[in-house]
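Remarks on the structure that follows.
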Amino acid sequence: MPSSDPFADKPSERRAAARTSVVWGALRPVLDAGPCDVLDLGGGTGVSAVRAAELGHRVTVVDPSPDALASLDRRAREVGVQVAGHQGDVSTLLDVPGRAGADVVLCHGVLEVVDDPAAALATIREVLRPGGTLSLLVAQRYAAVVARAMAGHFGQALAALDDTAPTGRAGRRVTREELEALLVDAGFEVAQVHGVRVFADLVPGSLVDSEPGASAALVELEHAVAGRPEFIPLATQLHVLAR
């Protein structure tokens, strides 16, 4: 079901809602189960972390950027919540001061850029408490093929079809099968897989901004196709909940 959160008035926030609603729709049942310890790996300026803290959770962000952590601190203070920030990355995750495990780990946009995804998942599994949940958001390869072809870059689209090496700003892109295999090898059980931004990155922003009700309708459509296997290969990102 789509999130019940009202859409913001700013166009940029309406577009953001279309891009993040599926992820939060999947996460809310996990977070609504009761107060827990949430670790946001690569949480940056704290968009997700602050939202989790507003729901009453104890949240820690680990990020390599001191500037991002400073923005996180400002964001948390403006909202009136507490979020602990620590400079580091997945390689230093086990050294976070006061770390006693996490019930939920958010790993959004991180697996694409680490040197060894398998080692990163093994470290995350060590951090998660028994029965804990990993929320993993990664770039999906086939969407990049579609985007490059639609832009007229046919050679680049062809090259991206089977390219598993990290490239460009987006880093590594994976398929659903590759991602599930990585998780199973690391000892996780895949609970849910959703396609994120199936249409949100294809629809012109001007249409979403100008047409009354377009944002809400786009979010409803994204939720409708997120779990359908035939649409997942078109999604810009894959979102997995694993235990």
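The values are calculated or read from the model by the stated rules, or taken from the named source; none is laboratory data. Owing to the predicted nature of the structure, the values given are computational and were not obtained by experimental measurement. Note that we place each Cβ from the backbone using ideal geometry, even for glycine, and neighbour counts take in every protein chain shown. Accessible surface areas use protein heavy atoms only, side chains included; no ligands, DNA or RNA. Shrake-Rupley method; radii C 1.70, N 1.55, O 1.52, S 1.80 Å.
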**Cβ pairs under 8 Å, 6+ apart, first in segment 84-100 and farther than 16 Å from Ala122 by Cβ, second at pLDDT 90 or above and open to solvent by 70 Å² or more (accessible area, probe 1.4 Å)** = Gly85/Asp73; Gln87/Pro64; Gln87/Pro66; Gly88/Pro64
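Can you find even one residue in segment 94-115 that is small (Gly, Ala, Ser), surrounded by fewer than 21 Cβ atoms within 10 Å (Cβ to Cβ) and part of a helix (DSSP H, G or I)? It would help to see each step written out before you state the result.
Within segment 94-115, the first condition is being small (Gly, Ala, Ser), and the residues that meet it are 98, 100-102, 109.
Adding the requirement that they be surrounded by fewer than 21 Cβ atoms within 10 Å (Cβ to Cβ) leaves 98, 100-101, 109.
After this cut, where a residue has to be part of a helix (DSSP H, G or I) as well, the list is none.
No: segment 94-115 contains no residue that is small (Gly, Ala, Ser), surrounded by fewer than 21 Cβ atoms within 10 Å (Cβ to Cβ) and part of a helix (DSSP H, G or I).
Residues to consider are Ser91, Ser71; find the one that is open to solvent by less than 40 Å² (accessible area, probe 1.4 Å) and not charged (D, E, K, R). Don't jump to the end; show me each part of the working.
On the way: Ser91 fails: open to solvent by less than 40 Å² (accessible area, probe 1.4 Å).
Every option except Ser71 fails the conditions.
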**Item:** segment 219-243: number of residues that are among the charged types (D, E, K, R) and without any contact (Cβ under 8 Å) to a residue 60 or more places away in the chain
**Value:** 2
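Can you tell me which residues in segment 32-53 are among the acidic types (Asp, Glu) and either under 15 Å from Ala84 (Cβ atoms) or surrounded by 19 or more Cβ atoms within 10 Å (Cβ to Cβ) (or both)? Please lay out each step first, then the result.
Start the filter on segment 32-53 by keeping residues that are among the acidic types (Asp, Glu), which leaves 32, 37, 40.
If the condition is that a residue be among the acidic types (Asp, Glu) and either under 15 Å from Ala84 (Cβ atoms) or surrounded by 19 or more Cβ atoms within 10 Å (Cβ to Cβ) (or both), then Asp37, Asp40 are the ones that fit.
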**Request:** Please enumerate the residues belonging to segment 116-134 that are in contact with a strand residue (DSSP E or B) (Cβ under 9 Å, 6 or more places away or on another chain), assigned to a helix (DSSP H, G or I) and open to solvent by 10 Å² or more (accessible area, probe 1.4 Å).
**Result:** Pro117, Arg125
**Asked** Yes or no: Ala160 among the small types (Gly, Ala, Ser) and exposed (fewer than 14 other Cβ atoms within 10 Å of the Cβ)?
**Response** no
**Complete:** Given the conditions (1) open to solvent by 30 Å² or more (accessible area, probe 1.4 Å); (2) touching a strand residue (DSSP E or B) at 6+ places or on another chain (Cβ under 8 Å); (3) of a type outside the set (Ser, Thr, Tyr); (4) modelled with pLDDT of 95 or more, every one holds for Arg197 apart from (4)
